[in-house]
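Asks: This is the structure I want to talk about, given as structure tokens.
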Amino acid sequence: QRRGSEERRRTRGPSQVHAAMKRIHSLLASPCFLMISAAAISTSTRRNAQQQLNTQPDGPERSLSRQRRIFLAGLVSSLPLPLSANAVERAVGSAEAKCREEGNCLQTLDLDGAVGWNWGAKDRCDSTDPRCGANGVLNDSPPAGQPVPDKQGLQITDVVSLEIQIGTGSNADTQILKIGLYGESTPTLVGEMKELCANGIVTSSDLLLGAPVRLGVGGQMTYIRPEQRVDFGVPSQRIAYAKAMRQTKAPEEFVPQKRPDGKFDACKNEKTSRPHNVAGLLSVPKGGIGFGSSSIPVKDDDAYSSCFQITASSSSDADKEERKVIGQLIDSKSMELLARLSSIPTRKALPMQSGGSPLIKTVVNDCVVESVSDLLENKDNVGT
């Protein structure tokens, strides 16, 4: 019995490998870890781990350790949570980069590198720099804008000018994004966009307890799918009202505007003007503005957190979501600004997510809508 006890202690001795395996085993046993650890351990990483283990000398302790580690490496790599093909590649820290290059993130217990998380704040480029890409790497030059979309025979009836501020304080950069609206092909949805931009959307009859939802008051870029789509909206009506009134918070009796349920059927039945097949297209939810919030249940305060999106590339996913194209960017400067917006680094997210909120605050200072007929008339008056 004493010899058997000594043999067990020798086999399970306090080796560094065994201690590491106990830590990994306890982490893998956690339900939370199993949910968030997507299949980020590649086949090559697992192969490298097995090759390293095979080079170690044989023996009872090495053999048992080898079996456990190969088993756990295979277990993690086979978890049924595939990493999205559109997953965001973020700035990677030096430790994660080193273990990924050597293929031993699991063996060295660098779980951030193994699972696919890239924190690496100290190694990330300055997000206020236009050359800083979505992956946190400083490029040689700012991203180039794609060509202005062809109108494909669609009539632009109105022009929206968004004054967008990237960053805060002395480092802030303010530019104008010009959008043409297809008022003839999607009149109901374009009408909602004009309301959001001009006087604001109102669904309550008592404005003494609330305020219109206006993009120029509390509007911002809320979400980025890098180089695919950017999302704009009013994340919180309460916060927007408080800032507009220069108060620390909205009064308790403040009532946010609800979604425009009365227009839902009309907006849903209105067909999209065109597919989401190029960069620079303005897209709204299939039920119209106010029906794009992802919160469940939908709260009135953030019902307008996702009012519209602008495509940064062709997006079949947007077509599958039955979103409606109601306009497009109309000049090259706007396309260049779009390229920069879609390349802004995002806040850290789980590996299976395909985007995140912008790392640098990006707000809409103002939104102005003008009809094309008025613009042409003013141009003629200036010429005379």
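Asks: Just a yes or no: is a residue in segment 284-297 of a type in the set (A, V, I, L, M) and either within 26 Å of residue 145 (Cα to Cα) or buried (at least 19 other Cβ atoms within 10 Å of the Cβ) (or both)?
Replies: Yes, there is a match, as at least one residue in segment 284-297 is of a type in the set (A, V, I, L, M) and either within 26 Å of residue 145 (Cα to Cα) or buried (at least 19 other Cβ atoms within 10 Å of the Cβ) (or both).
Asks: Which condition number does residue 271 fail, the rest of (1) basic (Lys, Arg); (2) exposed (fewer than 15 other Cβ atoms within 10 Å of the Cβ); (3) farther than 22 Å from residue 181 by Cα being met?
Replies: Just one mismatch for residue 271, condition (3).
Asks: Residues in segment 263-277: is at least one in contact with a Lys or Arg (Cβ under 6 Å, 6 or more places away or on another chain) and modelled with pLDDT of 95 or more?
Replies: Yes, segment 263-277 has at least one match.
A quick yes/no check of all residues on (1) over 20 Å from residue 364 (Cα atoms); (2) of a type in the set (S, T, N, Q); (3) touching a helix residue (DSSP H, G or I) at 6+ places or on another chain (Cβ under 6 Å):
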{"position": "125", "(1), (2), (3)": "yes, no, no"}
{"position": "139", "(1), (2), (3)": "yes, yes, no"}
{"position": "152", "(1), (2), (3)": "yes, yes, no"}
{"position": "165", "(1), (2), (3)": "no, yes, no"}
{"position": "174", "(1), (2), (3)": "no, yes, no"}
{"position": "198", "(1), (2), (3)": "no, no, no"}
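The values are calculated or read from the model by the stated rules, or taken from the named source; none is laboratory data. Bear in mind that the values here come from a model prediction, so they are computed numbers and not experimental data. Glycine gets a Cβ as well: all are built from the backbone with ideal geometry, and neighbour counts include every protein chain shown.
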